[in-house]
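Just below is one structure, and these are the notes that go with it.
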Amino acid sequence: MRQSHTAVVARNETWSGDVATEPYEVAWAGEAMMFLRVLEPPDGPPGARLRVQVSPDGMRWCDEGSTLELPVDPDVPTFVRLRRFGGWLRLAGHLPDGVRAKVIAYLVLKE
Amino acid sequence: MSRPSTPTGAVPHAANPRLARFDPLERVLYFDDFDGGTRGWTAHIGNYEGSLDTLLTPYADLRPAQLSNLTMWDVGSMGAMDGTYALKLATRPVPGHMAILIKRQTWREMADVRFEAYLAYKPEPAELVLGELDVRAFGVGFDLQDDETRWMPQYRFLNAEGGRPAAGDVTDQARRATPRGKWQQRDATSAFHTIGGTGRTVSHWHLADEGWHDVPGGQQVMCYNEIPTKVNWFYLRVDLDLRRRRVTRLQCNDLVMGAEPLEFIAFAAMPNLRGMLNAFLWVQTDTAKRAFLYVDSVVLSTGGAA
């Protein structure tokens with residue numbers, strides 16, 4: 001049976017401006033989904049996007065190419081599917097002026 | 001300092017060489033090697049009601065469990081002591097921040113309980129310097145309840161605080177001076193707070209920086225090694241007697257403590273917790289660098305029941 005694990009990489013964090021989740025080690029996993037949920041309707045206009053980033057060492061980051069939209073409805077998370085990501089993953093980005101969101105972010109990993 | 005014991009007599013784990021680095025009691029309740037996942041070790045969280053905003057502040061941002069192959073920026077992957085993966089606790093790069101992982105269990109019977117683990121602690125190698133004083137502390141604790149009492153033995157190795165070693169000198173190659181840390185214990189938790197509005201939920205912060213006392217004979221020189229990417233594993237053991245409500249031994253490699261009674265927090269039994277046998281591990285950073293605690297393996301065993 002394949003191993004699987006869900007990590008809550010951000011919980012009840014209020015995001016504005018430059019944001020990044022803490023580095024998370026994923027070397028054992030072959031695939032991942034990143035889910036982002038707002039715990040309350042966010043302030044500001046919709047459409048803000050976050051970037052998936054990868055890293056060789058957990059300290060220096062580059063864009064993986066995938067992006068994820070900040071959701072607007074607390075009951076409807078957004079997600080992105082990922083493969084071939086190496087040893088670390090995180091979500092990073094810049095929320096435009098006036099955008100402010102209380103979020104919970106999940107990494108759903110599978111061998 | 002007394003000498004550590006050596007196994008004698010029948011060795012029930014002889015058929016399993018991977019258990020041979022431990023000294024378990026008769027019944028192994030769990031043997032966690034993290035090559036097979038996080039094995040029930042999960043992020044600690046405080047109690048809340050209605051909203052996560054009701055969490056006490058120290059519980060709001062404890063970090064999740066990770067599985068690490070100990071990849072270092074300079075030499076690549078080290079792997080665990082046994083196999084590829086270790087359980088990893090990582091703080092934020094914020095002075096005083098803490099990561100805590102917990103495994104929740106219940107006792108089958110009032111008996112002796114032995115916790116053993118192989119661990120390693122390191123700061124994130126964000127600077128090309130020694131960094132031996134970057135990690136403030138790591139620790140091991142238990143949350144236990146019988147019919148009368150909830151009791152929480154908690155022991156930390158205080159490595160450094162405010163950039164100073166917890167005991168002894170700072171590193172000085174010319175004088176061969178090595179910093180020492182010290183084991184500490186506590187006998188009281190912080191105040192209980194009512195959480196939410198129903199009166200059914202309370203919370204208390206049991207790992208505050210205040211209230212720690214030195215364990216007699218508890219100063220120790222750890223093998224930090226000489227740069228942040230060189231990682232050495234060490235052995236940690238705690239012996240509990242659930243029947244007499246005693247902690248009979250705290251051991252880190254060759255340092256054995258417990259000749260004088262070890263302290264623990266104790267208060268009246270609480271609703272819904274009878275039989276609890278939780279174990280937790282934590283790490284705390286002293287600087288604006290992440291602190292890591294790697295756990296290769298854990299064995300919790302019991303024995304001696306009447």
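List of remarks:
- Filter result for A:R37 (assigned to a strand (DSSP E or B), out of contact with any Cys (no Cβ under 6 Å at 6 or more places or on another chain) and crowded, with 16+ Cβ neighbours inside 10 Å): yes
- In segment A:14-28, the qualifying residues are those that are more than 9 Å from chain B (Cβ to nearest Cβ) and among the aliphatic types (A, V, I, L, M), and the one that is nearest to the chain's Cα centre (by Cα) is A:A20.
- Of residues in segment B:15-56 being within 9 Å of chain A (Cβ to nearest Cβ) and assigned to a strand (DSSP E or B), the one surrounded by the fewest Cβ atoms within 10 Å (Cβ to Cβ): B:S51
- Which numbered condition A:M1 misses (of (1) of a type in the set (A, V, I, L, M, F, W, C); (2) surrounded by 17 or more Cβ atoms within 10 Å (Cβ to Cβ); (3) part of a loop (DSSP other than H, G, I, E, B)): (2)
- Condition met for A:L91 (closer than 30 Å to B:T229 by Cβ, touching a residue at least 40 places away in the same chain (Cβ under 8 Å) and within 15 Å of the chain's Cα centre (by Cα)): yes
- Within segment B:229-253, the only residue that satisfies the criterion of being within 17 Å of the chain's Cα centre (by Cα) and of a type in the set (D, E) is B:D239.
- Unique residue being among the charged types (D, E, K, R) and more than 18 Å from B:P93 (Cα to Cα) when the list is A:R60, A:R90, A:R11, A:R37: A:R37
- Test: A:P74 is touching a residue at least 24 places away in the same chain (Cβ under 8 Å), surrounded by fewer than 19 Cβ atoms within 10 Å (Cβ to Cβ) and within 14 Å of chain B (Cβ to nearest Cβ): yes
- The residue of segment A:55-68 that is surrounded by the most Cβ atoms within 10 Å (Cβ to Cβ), among those that are out of contact with any Ser or Thr (no Cβ under 6 Å at 6 or more places or on another chain) and in a strand (DSSP E or B), is A:S55.
- Any hit, segment B:198-216, residues being part of a strand (DSSP E or B) and of a type in the set (F, W, Y): no
- Only a single criterion out of (1) within 22 Å of B:L89 (Cα to Cα); (2) crowded, with 19+ Cβ neighbours inside 10 Å is not satisfied by A:I104, namely (2).
- Where strands (runs of 3 or more DSSP E) sit wholly within segment B:217-306, those with at least 1 residues that are within 30 Å of B:G199 (Cβ to Cβ) and more than 14 Å from chain A (Cβ to nearest Cβ) occupy B:265-268, B:277-285.
- Residue-level analysis places A:R11 outside the set of residues that are under 14 Å from the mean Cα position of the chain (by Cα), more than 9 Å from chain B (Cβ to nearest Cβ), of a type outside the set (V, I, T) and outside any loop (DSSP other than H, G, I, E, B).
Conditions tested, residue by residue: (1) closer than 23 Å to B:V140 by Cβ; (2) β-branched (V, I, T).
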residue: B:T178; (1), (2): no, yes
residue: B:H193; (1), (2): no, no
residue: B:R200; (1), (2): no, no
residue: B:H206; (1), (2): yes, no
residue: B:G211; (1), (2): yes, no
residue: B:G218; (1), (2): yes, no
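- Check on B:Q154, modelled with pLDDT of 95 or more, surrounded by fewer than 22 Cβ atoms within 10 Å (Cβ to Cβ), closer than 17 Å to B:E210 by Cα and not charged (D, E, K, R): no
- Residue, farthest from the other protein chains (Cβ to nearest Cβ), within segment B:57-110, restricted to residues that are under 22 Å from B:F142 (Cα atoms) and of a type in the set (D, E): B:E109
- In segment B:178-197, the residue that is surrounded by the fewest Cβ atoms within 10 Å (Cβ to Cβ) out of those that are basic (K, R) and either in contact with a helix residue (DSSP H, G or I) (Cβ under 6 Å, 6 or more places away or on another chain) or not in a loop (DSSP other than H, G, I, E, B) (or both) is B:R180.
- Screening B:R175 on (1) basic (K, R); (2) at pLDDT 95 or above; (3) part of a loop (DSSP other than H, G, I, E, B) shows it passes everything except condition (2).
- Residues being without any contact (Cβ under 8 Å) to a residue 40 or more places away in the chain and not β-branched (V, I, T) are entirely absent from segment B:98-106.
- Scanning segment A:14-34 for residues that are within 20 Å of B:H44 (Cα to Cα) and assigned to a loop (DSSP other than H, G, I, E, B) gives A:T21, A:E22, A:P23.
- Residue count for segment A:69-106, restricted to those that are part of a strand (DSSP E or B) and not aliphatic (A, V, I, L, M): 12.
- Every condition in (1) in contact with a Lys or Arg (Cβ under 9 Å, 6 or more places away or on another chain); (2) over 20 Å from B:D254 (Cβ atoms); (3) not hydroxyl-bearing (S, T, Y) is met by B:G163 except one, and the failing one is (1).
- Filtered residues of segment B:57-85 (kept if in a strand (DSSP E or B) and aliphatic (A, V, I, L, M)): B:L67, B:M72
The values are calculated or read from the model by the stated rules, or taken from the named source; none is laboratory data. From a predicted model like this one, the values you see are computed outputs, not experimental measurements. Cβ coordinates were reconstructed from backbone atoms using ideal geometry, including for glycine residues, and neighbour counts include every protein chain displayed.
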